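Here is the structure we will look at.
The numbers here are math on the coordinates, done by the rules we state, and not lab data. Note that the structure is a prediction, hence the values are computed from the model and not measured. Please note: Cβ atoms are built from the backbone with ideal geometry, for glycine as well, and neighbour counts cover all protein chains shown.
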Amino acid sequence: MFLRRFRGGHLLNIGGLFGSLTPVFFVLALGYLAGKRNTFDADQAAGLSKLALTFALPASLFVSMTEIPKDLLLQQGRLVLALILSHAGLSWLRGCSCGW
């Protein structure tokens, strides 16, 4: 495990960061290669995109959020409050624009 200490005593887990980003870049590379080889036509690509954005991404984000320890969230109180308020504000703006 590679740890790097920054000013203020903060630690960054380089190994964990690399392990988290590797699958993302792998999927991006697969998508790039599939596009270069014309593996999917426009309708299939639209379907895959809709599947990923409608189901896979929200499910992945939900699972990631449930794995965060509560004490870590409590330590980052201002950040959590800012995220909640921005989410509520964006939801309100979306509701106003849709006529809800």
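Quick rundown of the values:
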{"quantity": "Overall form of the range 26-73 per C-alpha gyration tensor (a/c, 1.5; a/b vs b/c)", "calculated": "oblate"}
{"quantity": "Simple spin-label estimate for ALA52 and LEU73 in nanometres, 7 Å along Cα-Cβ", "calculated": "2.8"}
{"quantity": "Pairwise label distance in nanometres, LEU61 with PHE40, each label 7 Å out on the Cα-Cβ vector", "calculated": "2.0"}
{"quantity": "For the range 21-37, Karplus couplings with θ = phi - 60° (6.51, -1.76, 1.60), whole Hz, Gly/Pro x", "calculated": "8, 4, x, 5, 5, 5, 5, 4, 5, 4, x, 5, 5, 5, x, 5, 8"}
{"quantity": "HN-Hα J in Hz across the range 81-89 - Karplus 6.51, -1.76, 1.60, θ = phi - 60°, x for Gly and Pro", "calculated": "4, 5, 5, 5, 5, 5, 5, 5, x"}
{"quantity": "For the range 58-63, 3J(HN,Hα) per residue [Karplus equation, 6.51 cos²θ - 1.76 cosθ + 1.60, θ = phi - 60°, Hz, x = Gly/Pro]", "calculated": "x, 5, 5, 5, 5, 4"}
